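Since the structure comes first, as structure tokens, the remarks are kept for the end.
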Amino acid sequence: MHVDILTLFPEMFAGFFDCSILKRAQQNNLFEYELHNIRDYSTDKHKKVDDYPYGGESGMVMKIEPIAACIEHLFTLRTYDHVIFLTPDGEVLSQSMANELSMCNNLMMLCGHYKGIDERIREIFITKEISIGDYVLSGGELPAAVLCDTLVRLIPGVLHDETSALSDSFQYGVLSPPVYTRPYNYKGHTVPDVLLSGNDKLITEWKLQKSEERTHKNRPDLFSGE
Ligand code: ADE
């Protein structure tokens, strides 16, 4: 998977992509990303990328020309499965959306800032608007990083154990069961004996029961189909 990220703050991504699973995916040529500084596409002599909104709202709006120039340049290099805009007013990211997007070869992700981006960018170029939750961040950079992380772990071959993404929370509409490792006894808190029983059937039943209990407690909405 190739991801182009358009941002005013490319430095925000340093570190995040160079660790853990995202790093390994790049080393194994399963994922690559490129950062594009939108400011580099401004033809304004002060490299201006924002302006006052028409209609007198407060805050600044990201201008159309630098973003359009960057997108149009990238369109000459690749064909994209989606041009994604990270925005709190987009469709909320879910595991099923991540499963679908993880099959894409080329994605473009546009990170907004300030009050938002000129609506015409959305009308002309954006094919998918994604929010990572019902709260507002300062910009789309963390959401783009979150989206990359959730997609990359689903690419076949990225995780050592192919089944481990399948056992993530949400993959089957419920949260994951608890997990334990050694020591068996930590200051009197012991591991449930069923996990040491060697009885696969009992273990599977126990995990399902714990998944359901946790989902009822923390995310009852997942059961009610909301
Ligand atoms: N930009 C600011 N807040 C956001 C959110 N919650 N999701 C996606 N992009 C955003």
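The values are calculated or read from the model by the stated rules, or taken from the named source; none is laboratory data. If you're wondering where the values come from, they're calculated on a predicted model, not measured in any experiment. Here the Cβ is made from the backbone with ideal geometry for all residues, glycine too, and neighbour counts use every protein chain on show.
Out of the residues in the stretch 103-119 meeting the condition of being part of a loop (DSSP other than H, G, I, E, B) and more than 10 Å from the ligand (Cβ to nearest atom), tell me which one is surrounded by the most Cβ atoms within 10 Å (Cβ to Cβ).
Across the stretch 103-119, the extreme among qualifying residues is ASP118.
Within the group ILE132, ILE124, which residue is in the same structural domain as ASN37 (by TED's automatic domain parsing), surrounded by fewer than 16 Cβ atoms within 10 Å (Cβ to Cβ), at negative phi and of a type in the set (A, V, I, L, M)?
On the way: ILE132 fails: surrounded by fewer than 16 Cβ atoms within 10 Å (Cβ to Cβ).
On inspection, the qualifying residue turns out to be ILE124.
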For this session: Output yes when any residue across the stretch 204-212 is in a loop (DSSP other than H, G, I, E, B) and not assigned by TED's automatic domain parsing to the domain that holds GLY90, and no when none is.
Result: no
Problem set entry | Selection from the stretch 120-144 of residues that are more than 11 Å from the ligand (Cβ to nearest atom) and in contact with a strand residue (DSSP E or B) (Cβ under 9 Å, 6 or more places away or on another chain) | ILE121, ARG122, PHE125, ILE126, THR127, LYS128
For this session: Among the candidates VAL83, VAL49, single out the residue that is hydrophobic (A, V, I, L, M, F, W, C) and within 16 Å of the ligand (Cβ to nearest atom).
Result: VAL83
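Take the residues in the stretch 18-37 that are assigned to a helix (DSSP H, G or I) and without any contact (Cβ under 8 Å) to a residue 24 or more places away in the chain; name whichever of them is farthest from the chain's Cα centre (by Cα). Give the steps one after another, and end with the answer.
Quick first cut of the stretch 18-37, residues assigned to a helix (DSSP H, G or I) only: 18, 20-27.
In the following step, the residues that additionally are without any contact (Cβ under 8 Å) to a residue 24 or more places away in the chain were identified as 18, 20, 23, 26-27.
Details: ASP18: 16, SER20: 16, LYS23: 16, GLN26: 17, GLN27: 20 Å.
The extreme case among them is GLN27.
Can you spot a residue in the stretch 67-87 that is aromatic (Phe, Trp, Tyr) and under 20 Å from LEU137 (Cα atoms)?
Taking the stretch 67-87 as the starting set, the residues that turn out to be aromatic (Phe, Trp, Tyr) are 75, 80, 85.
Imposing the further condition that a residue be under 20 Å from LEU137 (Cα atoms) reduces the set to 85.
Checked the stretch 67-87: at least one residue is aromatic (Phe, Trp, Tyr) and under 20 Å from LEU137 (Cα atoms).
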Exercise. Exactly one of (1) in contact with a strand residue (DSSP E or B) (Cβ under 8 Å, 6 or more places away or on another chain); (2) modelled with pLDDT under 95 is unmet by THR163. Its number?
Worked result: (1)
